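Asks: Supplied in structure tokens, the structure appears directly below.
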Amino acid sequence: MFATSSPAAARWNAAYDRTTVLRTGTGREAIAPIESTPGLAIVLTDIMMLEMNGYETMRSIRRSASPRRLPVVACTPGAMKEDREKCLEAGASQYLAKPHNAGQLLSALHMWLHLCKERSISPRARRGR
């Protein structure tokens with residue numbers, strides 16, 4: 001399950017039938033579902049949002065107790081090195097510059113979902129593999 005404010009990313013659900021996508025219109029609208037949804041695996045946020053931009057949204061997510069380890073992929077129209085650094089400083093796990101193609105987006109989401117799955121396996125279970 002992942003939360004996004006991006007209409008394009010919401011279409012990702014079609015590729016992964018078992019995935020639930022929580023779509024919000026603004027960063028402010030995203031905070032409550034992110035904090036209260038068990039099993040949320042990833043957040044995809046656009047930097048350019050109304051009310052509360054992506055930087056503020058990521059900072060709010062990182063201040064919250066429960067989703068601190070939640071991967072956050074930030075999408076921004078900027079392609080400058082400063083944009084990447086600003087996203088990472090605000091709490092992004094990964095940064096994607098727009099325009100990005102579907103392959104880049106799917107690759108990033110797949111990588112983070114795979115890492116989340118790996119993290120959920122206890123160290124004792126890993127040793128037994």
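Asks: What's the number of the condition Pro67 fails, among (1) touching a Leu at 6+ places or on another chain (Cβ under 8 Å); (2) modelled with pLDDT of 80 or more?
Replies: The one condition Pro67 does not meet is (2).
Asks: Would you point out which residue out of Ala125, Ala79 is at pLDDT below 85, out of contact with any Leu (no Cβ under 8 Å at 6 or more places or on another chain) and part of a loop (DSSP other than H, G, I, E, B)?
Replies: Going through Ala125, Ala79 in turn, just one is at pLDDT below 85, out of contact with any Leu (no Cβ under 8 Å at 6 or more places or on another chain) and part of a loop (DSSP other than H, G, I, E, B): Ala79.
Asks: Something else: For Ala92, work out the one condition from (1) assigned to a loop (DSSP other than H, G, I, E, B); (2) at pLDDT below 90; (3) within 22 Å of Gly25 (Cβ to Cβ) it doesn't fulfil.
Replies: (2)
Asks: Among the residues of segment 27-49, count how many are of a type in the set (Ser, Thr, Tyr), out of contact with any strand residue (DSSP E or B) (no Cβ under 6 Å at 6 or more places or on another chain) and either modelled with pLDDT of 85 or more or in a helix (DSSP H, G or I) (or both).
Replies: 1
Asks: Let me ask something additional. Look through segment 24-52, keep the residues that are farther than 20 Å from Arg69 by Cα, in contact with a helix residue (DSSP H, G or I) (Cβ under 7 Å, 6 or more places away or on another chain) and not aliphatic (A, V, I, L, M), and return whichever of them is surrounded by the fewest Cβ atoms within 10 Å (Cβ to Cβ).
Replies: For segment 24-52, the residue satisfying everything is Glu51.
Asks: Next question. Pairs only if they're at least six apart or on different chains, beta carbon under 8 angstrom, first in segment 36-57 and farther than 17 Å from Pro99 by Cβ, second among the aromatic types (Phe, Trp, Tyr); list them, first residue then second.
Replies: Sorted first by the residue in segment 36-57, then by its partner, the pairs are Leu40/Phe2; Ala41/Phe2; Ala41/Trp112; Ile42/Phe2; Ile42/Trp112; Val43/Phe2.
The values are calculated or read from the model by the stated rules, or taken from the named source; none is laboratory data. As the structure is a computational prediction, the values presented were derived from the model and not from experiment. Because the Cβ atoms are built from the backbone with ideal geometry, glycine has one as well, and the counts that use them run over all protein chains shown.
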